[in-house]
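Trainee: This is the structure I want to talk about, given as structure tokens.
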Amino acid sequence: MDFSDQRVSYEKSMLDESNLPTDAFVLLHQWIQTAIDKQVNEPYAMSLATCGDDGMPSVRIVLMREITENGLVFYTNYLSAKAQDMLENPHAEVLFFWHELERQIRIRGTIKKLPEAQSDAYFHKRPHDSQLAAWVSQPQSGVVESRDVMEQKFAELKAEYPDDAVVPRPEFWGGYELLADEIEFWQGRANRMHDRIVYQRQSAQDSGWHVERRLP
Ligand SMILES: Cc1cc2nc3c(=O)[nH]c(=O)nc-3n(C[C@H](O)[C@H](O)[C@H](O)COP(=O)(O)O)c2cc1C
């Protein structure tokens, strides 16, 4: 298959540093709100890139569940391949790509586990059967003999925890916060002359952001 003639010209918007907010999170909120308002597909889905001791990067989609003062929150299995990577190397990058808006955002920083109470609160907000699925997928990323094995375990859990029963949060399941050190906003432009504006967090004493334009 040859895709070399496939081209889309990006012309929907632009980024001009002379009228951008000084706080990266203000722009992040604005872009996410626009994605929601414009009904892009899965605006909360982000690619999460991690790299453990083996030096081999891995990337997969997770759902952003909250924007905090300093970062983004997502939930997963603490024994998964990604969790092992983040244990070995607590740095990660997430990426949103919204084709409808011709926009990409990259956020990199340091990973921190959420307090248990916060994971408890979110776990119990999930649909009952999704809670059971968290118990089934243990250890996430491990090999399972067949789909039947999963269905069987799910059925056993359904019997143990009928719809009105409280499902305990597995201790191997919970949230992480990615504390942002750098946020890049990318806006597609015509002729591949795209706009890339990067915000870098200044030192801990100075809560501001350094803003620079990078070549596309
Ligand atoms: C749209 C979408 C949303 C997903 N959301 C999550 C999520 O929030 N948490 C999660 O652990 N996995 C989520 N997954 C599954 C992951 O992409 C991945 O398959 C899984 O977490 C195992 O990754 P790992 O083996 O690299 O740890 C999602 C997948 C898709 C396509």
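The values are calculated or read from the model by the stated rules, or taken from the named source; none is laboratory data. In this text, all values refer to a predicted model and were calculated from it rather than measured experimentally. Backbone-built Cβ (ideal geometry, glycine too); neighbour counts: all protein chains shown. Surface accessibility is based on the protein's heavy atoms, side chains included, excluding ligands, DNA and RNA. Shrake-Rupley method; radii C 1.70, N 1.55, O 1.52, S 1.80 Å.
Trainee: For the range 105-123, give me each residue that is out of contact with any Lys or Arg (no Cβ under 7 Å at 6 or more places or on another chain) and either part of a helix (DSSP H, G or I) or exposed (fewer than 15 other Cβ atoms within 10 Å of the Cβ) (or both).
Mentor: 115, 116, 117, 118, 121
Trainee: For the range 34-48, which positions are under 21 Å from residue 177 (Cβ atoms) and within 10 Å of the ligand (Cβ to nearest atom)?
Mentor: 42, 44, 45, 46, 47, 48 - these are the residues of the range 34-48 that are under 21 Å from residue 177 (Cβ atoms) and within 10 Å of the ligand (Cβ to nearest atom).
Trainee: Another question, then. Can you pull out every residue in the range 49-61 that is assigned to a strand (DSSP E or B) and either more than 9 Å from the ligand (Cβ to nearest atom) or β-branched (Val, Ile, Thr) (or both)?
Mentor: Scanning the range 49-61 gives 49, 50, 51, 57, 59, 61.
Trainee: Out of the residues in the range 62-88 meeting the condition of being buried (at least 19 other Cβ atoms within 10 Å of the Cβ) and part of a helix (DSSP H, G or I), tell me which one is farthest from the ligand (Cβ to nearest atom).
Mentor: Applying the filter and picking the extreme gives 86.
Trainee: Within the range 173-193, can you find the residues that are closer than 23 Å to residue 48 by Cα and either surrounded by fewer than 16 Cβ atoms within 10 Å (Cβ to Cβ) or not small (Gly, Ala, Ser) (or both)?
Mentor: Of everything in the range 173-193, those that are closer than 23 Å to residue 48 by Cα and either surrounded by fewer than 16 Cβ atoms within 10 Å (Cβ to Cβ) or not small (Gly, Ala, Ser) (or both) turn out to be 173, 176, 177, 178, 179, 181, 182, 183, 184, 185, 186, 187.
Trainee: On to the next question. Determine which single condition residue 31 fails, assuming it passes every other condition in (1) within 30 Å of residue 141 (Cβ to Cβ); (2) out of contact with any helix residue (DSSP H, G or I) (no Cβ under 7 Å at 6 or more places or on another chain).
Mentor: Evaluating residue 31 over (1) within 30 Å of residue 141 (Cβ to Cβ); (2) out of contact with any helix residue (DSSP H, G or I) (no Cβ under 7 Å at 6 or more places or on another chain) leaves (1) as the failure.
Trainee: Can you find a residue that is in a loop (DSSP other than H, G, I, E, B), in contact with an Asp or Glu (Cβ under 9 Å, 6 or more places away or on another chain), farther than 21 Å from residue 82 by Cα and not acidic (Asp, Glu) anywhere in the range 172-188?
Mentor: Looking for residues that are in a loop (DSSP other than H, G, I, E, B), in contact with an Asp or Glu (Cβ under 9 Å, 6 or more places away or on another chain), farther than 21 Å from residue 82 by Cα and not acidic (Asp, Glu), one finds at least one in the range 172-188, hence yes.
Trainee: Among the residues of the range 96-147, what is the count of those that are over 22 Å from residue 71 (Cβ atoms) and small (Gly, Ala, Ser)?
Mentor: Residues that pass the stated criteria total 7.
Trainee: Scan the range 151-172 for residues that are within 16 Å of the ligand (Cβ to nearest atom) and open to solvent by 70 Å² or more (accessible area, probe 1.4 Å) and report the count.
Mentor: 1
Trainee: When the range 9-45 is examined, which residues are found to be at pLDDT 95 or above, in a loop (DSSP other than H, G, I, E, B), open to solvent by less than 90 Å² (accessible area, probe 1.4 Å) and not aliphatic (A, V, I, L, M)?
Mentor: 21, 23, 43, 44
Trainee: Determine the pairs where a residue that is under 14 Å from residue 122 (Cα atoms), located within the range 62-78, has a partner that is among the aromatic types (Phe, Trp, Tyr) and near the ligand (Cβ under 8 Å from one of its atoms) with Cβ atoms under 9 Å apart, the partner being 6 or more residues away or on another chain.
Mentor: The qualifying pairs are 63/74; 63/75; 64/74; 65/74; 65/75; 66/74.
Trainee: Which residue out of 93, 102 is away from the ligand (no atom under 13 Å from the Cβ), within 21 Å of residue 180 (Cβ to Cβ) and open to solvent by less than 50 Å² (accessible area, probe 1.4 Å)?
Mentor: Selected residue: 93, the only one of 93, 102 that is away from the ligand (no atom under 13 Å from the Cβ), within 21 Å of residue 180 (Cβ to Cβ) and open to solvent by less than 50 Å² (accessible area, probe 1.4 Å).
Trainee: Hey, another quick one. Could you say which residue among 198, 143 is of a type in the set (Val, Ile, Thr), over 17 Å from residue 77 (Cβ atoms) and either out of contact with any helix residue (DSSP H, G or I) (no Cβ under 8 Å at 6 or more places or on another chain) or not in a loop (DSSP other than H, G, I, E, B) (or both)?
Mentor: Step by step, each of 198, 143 is checked, and only 198 is of a type in the set (Val, Ile, Thr), over 17 Å from residue 77 (Cβ atoms) and either out of contact with any helix residue (DSSP H, G or I) (no Cβ under 8 Å at 6 or more places or on another chain) or not in a loop (DSSP other than H, G, I, E, B) (or both).
Trainee: Then there is this: If you check every pair at least six apart or on different chains, which have Cβ atoms under 9 Å apart with a residue in the range 2-26 that is closer than 21 Å to residue 68 by Cα first and a residue that is open to solvent by 100 Å² or more (accessible area, probe 1.4 Å) second?
Mentor: Once the first residue is closer than 21 Å to residue 68 by Cα and sits in the range 2-26, its partners that are open to solvent by 100 Å² or more (accessible area, probe 1.4 Å) give 25/69.
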